[in-house]
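The values are calculated or read from the model by the stated rules, or taken from the named source; none is laboratory data. This is a predicted model, so every value here is computed, not measured. We place every Cβ from the backbone using ideal geometry, glycine too, and count neighbours over all the protein chains shown. SASA here: full protein model, heavy atoms, side chains in, ligands and nucleic acids out. Shrake-Rupley method; radii C 1.70, N 1.55, O 1.52, S 1.80 Å.
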Amino acid sequence: MAKYIFVTGGVTSSLGKGIIAASLAKLLQARGLKVTIQKFDPYINVDPGTLNPYEHGECYVTEDGAETDLDLGHYERFLSTPTSQANNVTTGRIYQTVINKERAGDFLGKTVQVVPHITDEIKRRMLLLGKGSQFDIVITEIGGTVGDIESLPFIEAVRQLQWELPEDKVMVIHLTLVPYLKAAKELKTKPTQHSVKMLSETGVHPDVLVCRTEEPLGNDIRRKIALFCNVKQEAVIEAMDASTIYEVPLLMLREKLDIICLKKLNITQYSEPNLEKWKVYLDKLKYPKSKVTIGLIGKYIELQDAYKSILESFIHAGAMNEVKVQVVNVHSEFITEENVQEKLEGLDGLLVAPGFGLRGIEGKIVAVKYAREKKLPFFGICLGMQMAVIEFARNVLGLSDAHSTEMDANTTNPVINMMEEQKKIKMMGGTMRLGAYPCAIQPGSLAEKIYGSTAISERHRHRYEFNSDYLEQFEANGMLATGTNPESGLVEIIEIPTHPFFIGVQYHPELKSSVEYPAPLFVGFVNAAKIYNENKGILHAEQMEESI
Ligand code: GLN
């Protein structure tokens, strides 16, 4: 059976529990241990799939097709190991299981209550991934902030596990804030003291405190926090603001967070941390040789978390190409034929983002047209690919009312259509085409050069698809389907070979990009943008070919 580390958060939200959990996991993995991370979220939605990105940021999709919290993206990007449905549990999912059992009569006439029935189900799921020999350590991040009413059952479950499991099988890390008051020129420990007190009142005592701070903690502050929060002084960990999240594992290594955990869990078999690749990556990230500017065309740009995986993929691909990728957000709602030149001038590449619904659609189509005509490197993801198809249909094939039936159910030219198996679905949650599917790539295509393979697998999240009735017409006029699902024939990749870099994909390559394995399409796209930039706006196909 695995050992368990729980990570709770106090004082405020957005302290970065996910990054601390992922960084600790990275260090333990680098020391040769098998680690996974899971997230328990206190909201009632069964999963975040039905949430508007403005509410909770991006919905991250796993290989097995689970729609999950974006923190799972950080876990995968740091660890390069896949997560699954089991790694993300919400209050809604817990209640759904318990209520289904109640309806089935499984509780044999008993009154079903938060304690013990809900807490038992929480505990069962908390322990699940640690059963068997797949993992040595399971890190569980508890969403929300200590003191929230809604996270109480999770904290109670942690309390029970702290009591039930042997001392060296479970530990709790509490993440807090130590604010710096400019007027007093002092770091203040009181919020941390209150937060630990509140956690202790629920019966959970933290073994380690990770303190987010803008200023170094210093020995006096560490001692004060240790004394008043009743933890060992070496268990007070300083977590200074970092220039990039990818630096945090090294900061935590310096603070010996991993060693403290290994000691508490009585794990003696571990190696020196192997972080060579990580450090090379970090060096490339911090000291780029040049810069490229990519326009991200989307409608949720006010909230950067809505495009988390895309932005992180650019960071990975930038490091790989030794360039800094500056992402310029362009709101699709405000792009028009009149202002497109002004808005997109000076970019080295254009990415049209995934999305749902009508808002901002026409702006995306105008942006695609600009990239196609100006031979600006173009990359469309999911809805972005669908917009490229619509643009081509309208402006090259002359089908002026071409549309997706998602936006216009009555169009006479539904070049993007709802998938057949989607038509009978009535429920919204978890019913899209989700998760990993294979894709067969045409030899000689841009996609094949970029992937270096004709058989790939990528993750999906959509209901609409390229309408194959139009395929011949598209191909005859220069837009090719260069990647298809080998079983259904569903179009996965489109390209315009007469354009030096024009590619759209129905899937989400950003979901599989990690520090160690950056997504090939992002690497290829950033490379194209780099050449475009070096040549001041010209990208020759031969040059592209040579550099891939
Ligand atoms: N709304 C489109 C569909 O459902 C695209 C989805 C997406 O971009 N993830 O097919």
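Observations on the model:
- Region 361-380 - residue that is within 13 Å of the ligand (Cβ to nearest atom) and assigned to a helix (DSSP H, G or I) and, of those, surrounded by the most Cβ atoms within 10 Å (Cβ to Cβ): Lys364
- Out of Ala319, Ala353, sole residue that is within 16 Å of the ligand (Cβ to nearest atom), open to solvent by less than 10 Å² (accessible area, probe 1.4 Å) and of a type in the set (A, V, I, L, M, F, W, C): Ala353
- Put simply, of Thr268, Thr202, Thr213, Thr244 the only residue that is without any contact (Cβ under 8 Å) to a residue 12 or more places away in the chain and among the polar types (S, T, N, Q) is Thr268.
- If you go through region 517-536 and keep only what is open to solvent by 30 Å² or more (accessible area, probe 1.4 Å) and either under 20 Å from Asn417 (Cβ atoms) or not in a helix (DSSP H, G or I) (or both), you end up with Tyr517, Asn535, Lys536.
- When Gln160 is tested against (1) within 25 Å of Ser23 (Cα to Cα); (2) buried (at least 16 other Cβ atoms within 10 Å of the Cβ), only condition (1) is not met.
- Among the candidates Leu358, Leu397, Leu383, residue that is among the hydrophobic types (A, V, I, L, M, F, W, C), on the phi < 0 side of the Ramachandran plot, within 12 Å of the ligand (Cβ to nearest atom) and open to solvent by 10 Å² or more (accessible area, probe 1.4 Å): Leu358
- Of all residues assigned to region 481-496, none qualifies as being surrounded by fewer than 16 Cβ atoms within 10 Å (Cβ to Cβ), closer than 23 Å to Val292 by Cα, touching a residue at least 24 places away in the same chain (Cβ under 8 Å) and touching a Pro at 6+ places or on another chain (Cβ under 8 Å).
- Qualifying residue in region 330-346 (condition: modelled with pLDDT of 95 or more and either open to solvent by less than 30 Å² (accessible area, probe 1.4 Å) or within 16 Å of the ligand (Cβ to nearest atom) (or both)): no
- Top-ranked residue in region 448-469 [being open to solvent by less than 30 Å² (accessible area, probe 1.4 Å) and closer than 19 Å to Phe392 by Cα; ranked as farthest from the ligand (Cβ to nearest atom)]: Asn467
- Within the set Ala409, Ala319, the sole residue that is touching a residue at least 12 places away in the same chain (Cβ under 8 Å) and either part of a loop (DSSP other than H, G, I, E, B) or small (Gly, Ala, Ser) (or both) turns out to be Ala319.
- Matching entry among Tyr300, Tyr281, Tyr307 (being closer than 13 Å to Glu510 by Cβ and crowded, with 18+ Cβ neighbours inside 10 Å): Tyr307
- Residue within region 483-501 that is assigned to a loop (DSSP other than H, G, I, E, B) and among the aliphatic types (A, V, I, L, M) present: yes
- Number of positions in region 502-516 that are part of a loop (DSSP other than H, G, I, E, B), touching a Ser or Thr at 6+ places or on another chain (Cβ under 8 Å) and open to solvent by less than 10 Å² (accessible area, probe 1.4 Å): 2
- Some residue of region 10-31 being part of a loop (DSSP other than H, G, I, E, B), open to solvent by 10 Å² or more (accessible area, probe 1.4 Å), in contact with a Leu (Cβ under 7 Å, 6 or more places away or on another chain) and of a type in the set (A, V, I, L, M): yes
- Pairing each residue of region 394-406 that is in a helix (DSSP H, G or I) with any residue that is surrounded by fewer than 18 Cβ atoms within 10 Å (Cβ to Cβ), provided the two are 6+ apart or on different chains, yields C-beta distances under 7 Å for Arg394/Ser400.
- Each residue in region 414-431 was checked for being open to solvent by 30 Å² or more (accessible area, probe 1.4 Å) and either assigned to a helix (DSSP H, G or I) or within 15 Å of Gln506 (Cβ to Cβ) (or both), and 4 of them qualify.
- Filtered by the rule that a residue be among the polar types (S, T, N, Q) and under 25 Å from the mean Cα position of the chain (by Cα), region 302-352 gives Gln304, Ser309, Ser313, Asn321, Gln326, Asn329, Ser332.
- Looking at Glu391, Glu362, Glu373, just one residue is among the acidic types (Asp, Glu) and at pLDDT below 95, and that residue is Glu362.
- Restricting attention to region 328-351, the residues being acidic (Asp, Glu), part of a loop (DSSP other than H, G, I, E, B) and farther than 24 Å from Val523 by Cα number 2.
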